[in-house]
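Structure first, commentary second.
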Amino acid sequence: MNLDKFHNVYFIGIGGIGMSALARYFLAKKMNISGYDKTKTEITEDLTSLGISVNFKDSIDEINVEFLNAENTLVVYTPAVPSSHLQLNYFRNNNFNVLKRSQVLGLITKNTFCLAVAGTHGKTTTTSILGHLLAECDVEVTAFLGGISENYNSNLILKGTKVSVVEADEFDRSFLTLSPNIACITSMDSDHLDIYGDAQSLQESFVAFSKRLKPNGKLFVKKGLPIKAFTYGIEDSSDYSAQNIRIENGMYVFDVKTPTTILENLQFNLPGRHNLSNALIALAMAVEYGCPHQKLAKALALYKGVKRRFTYQIKTDSLVFIDDYAHHPEEINAVYHALREMYPSKKILAIFQPHLYSRTRDFADDFAKRLSQFDEILLLDIYPARELPIEGVTSQWLLDKMKNTKKELCKKEDIISKIKESDAQIILTIGAGDIGEEVKHIKNALRVAS
């Protein structure tokens with residue numbers, strides 16, 4: 001399908017992080033853009049400020065008349081939208097070209113030199129580092145990000161169309177629409193068991209992705225993963241390995257051993273070994289693409305991060321407030337260890353909003369174990385996203401499994417008062433639901449209080 005034949009693109013779920021990046025991309029190509037989303041957010045407001053019409057009521061009457069022409073309108077939807085959605089079914093029943101987000105991404109990247117980042121954790125940070133490195137090395141690149149880059153204040157980096165950087169998302173096997181030239185797999189921990197059923201099926205899907213590379217393509221995997229490829233790792237014998245790691249002035253300084261050379265005294269600002277691992281593989285992919293080493297070192301030192309990925313909201317001697325998207329037990333564990341590396345003796349209050357009933361059920365014991373590491377826990381209700389409740393799976397059920405002495409359920413409207421009752425010096429909000437919308441209120445309240 002030639003996407004250039006369409007004048008209009010209508011997005012169902014336009015406020016999603018991946019969907020909004022596509023909307024920005026097509027807007028930059030001078031197409032007419034509109035779309036639906038369930039709720040108003042900062043993302044939908046940003047899109048509206050760019051001149052994109054967004055509606056919030058699932059009704060055919062809400063669709064602008066110019067988008068009702070099947071000849072020149074492409075409809076893009078996210079799998080998070082229910083199959084009963086009225087607008088989606090109208091377009092399907094009236095012979096519109098209706099594609100999933102991942103299919104559109106596959107079509108856009110098909111005729112480019114494509115670098116794809118796969119894995120159950122670390123995709124967004126790695127993709128944003130890689131997009132930033134290539135852009136700073138003057139590569140004509142388009143990078144589609146699963147988060148808002150702090151460097152570009154956007155989820156789209158648009159510096160040209162010869163090269164594309166994308167997140168290869170394992171959710172509903174959508175990464176199998178891509179055909180990358182260079183790809184990596186950061187991790188294959190169990191997740192999305194509502195889609196896959198079991199960990200074995202998830203692993204098989206990553207193996208299938210590894211076979212999607214274009215001829216002469218190059219695949220990297222984190223050392224220890226059961227797929228044959230070039231390896232990367234921290235302080236080990238991988239093909240690309242971070243060595244001689246130290247912390248100076250609050251940032252990582254390290255060397256990278258490549259198959260042919262050693263890059264010395266690289267600087268990277270994000271805390272946590274998991275982020276260092278993300279930086280390493282982004283660097284490896286950029287080196288393999290052919291970026292000059294000195295430019296890469298300079299670009300890496302300038303990287304600022306992604307919003308809601310270990311984002312400092314307040315950073316003073318007496319109080320630190322960090323917000324993070326962690327929504328899987330291993331991601332929560334990585335955030336905990338990053339905090340302990342930076343603040344070994346300070347008390348941490350974590351406010352967690354579980355994401356999906358199925359994920360809470362499937363990993364309840366692991367969640368309890370990881371959350372029990374924090375000094376204090378406030379647990380919000382489960383964010384359902386696309387799901388209906390599962391009997392017996394509640395935040396109270398999860399709370400009962402935790403070993404903390406200081407743990408309690410909390411309503412969103414009570415978060416600020418509960419924080420003020422605590423003497424913790426580190427406040428952490430974690431979760432992939434709408435907890436991110438509370439961050440600005442918490443920040444303002446803590447600023448006023450201090």
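The values are calculated or read from the model by the stated rules, or taken from the named source; none is laboratory data. Note that the structure is a prediction, hence the values are computed from the model and not measured. Reconstructed Cβ throughout: ideal geometry from the backbone, glycine too, with neighbour counts over all protein chains shown. Please note that ligands, DNA and RNA were not included when accessible areas were found on the heavy atoms of the full protein model with its side chains. Shrake-Rupley method; radii C 1.70, N 1.55, O 1.52, S 1.80 Å.
When both region 273-289 and region 210-255 are represented by their alpha-carbon centers, they are found 7 Å apart. Specify the residue with the greatest mean-square fluctuation among Thr316, Thr109, Thr186, computed from a Gaussian network of the chain linking alpha-carbon atoms under 10 Å apart. Of the options given, Thr316 has the highest mean-square fluctuation. Our estimate of slack between Ser59 and Asn72, defined as 0.36 nm per intervening residue step minus the Cα-Cα distance, is 2.6 nm. Within region 371-449, what whole-number % of the accessible surface is contributed by carbon and sulfur, with the 1.4 Å probe and all protein chains included in the calculation? Ligands and nucleic acids excluded, carbon and sulfur reach 49 percent. Spin-label pair Asp189-Lys440: with each label point 7 Å from Cα along the Cα-Cβ axis, the two points sit 3.0 nm from one another.
Heavy-atom accessible surface of region 278-421, averaged per residue, reaches 45 Å², computed with a 1.4 Å probe.
Measuring from each cysteine beta-carbon in the chain, the ones with no other cysteine beta-carbon under 4.7 angstrom are Cys114, Cys184, Cys410.
For Lys29 and Ser49, FRET efficiency with R0 = 30 Å and r from the beta-carbon atoms, rounded to 0.05? About 0.95, to the nearest 0.05.
Rounded to the nearest 0.05, what FRET efficiency do Asp239 and Asn94 give with R0 = 56 Å and r taken as the Cβ-Cβ distance? Could you check? Efficiency, from the Cβ-Cβ distance: 0.60. Charge dipole (Cα centre; +1 on Lys/Arg Cβ, -1 on Asp/Glu Cβ; no other charges) of region 401-450 amounts to roughly 180 debye. Amide H neighbours of Tyr383 under 5 Å, at least 5 residues apart or on other chains, H built in the peptide plane: list them. Hits under the 5 Å cutoff: His355, Leu356. Distance between the modelled labels on Leu388 and Arg447, one decimal in nanometres: 4.4 nm (7 Å Cα→Cβ projection).
Report note on the peptides 317-326, 126-135, 88-97: ranked by the mean count of other C-beta atoms within 10 Å, highest first, their order is 126-135, 317-326, 88-97. Think of each Lys and Arg Cβ as +1 and each Asp and Glu Cβ as -1; about the Cα centre, that makes the dipole of the chain roughly 780 debye. For the pair region 106-127 / region 387-447, the C-alpha centres are spaced 32 Å from each other.
Springs between alpha-carbon atoms under 10 Å, Gaussian network over the chain: tell me which of Val139, Val221, Val65 tops the mean-square fluctuations. Result: Val65 has the largest fluctuation of those listed. The DSSP beta bridges internal to the chain are antiparallel in roughly 25% of cases. Would you calculate, for the chain, the mean residue ellipticity at 222 nm contributed by helices, counting each DSSP H stretch of 4 or more residues as -39,500 (n - 2.57) and dividing by all residues, to the nearest 500? One gets -9500 deg cm²/dmol as the mean residue ellipticity at 222 nm. Think of region 324-433 as a dipole: +1 on every Lys or Arg Cβ, -1 on every Asp or Glu Cβ, centred on the Cα centre; then among Ser372, Pro384, Thr394, Ser372 lies furthest on the positive end. For Lys403 and Leu86, a Förster radius of 35 Å and the Cβ-Cβ distance give a FRET efficiency of 0.15, rounded to the nearest 0.05.
Across region 366-391, the residues whose backbone nitrogen lies under 13 Å from the label position 7 Å along the beta-carbon direction of Lys347 are 375-377.
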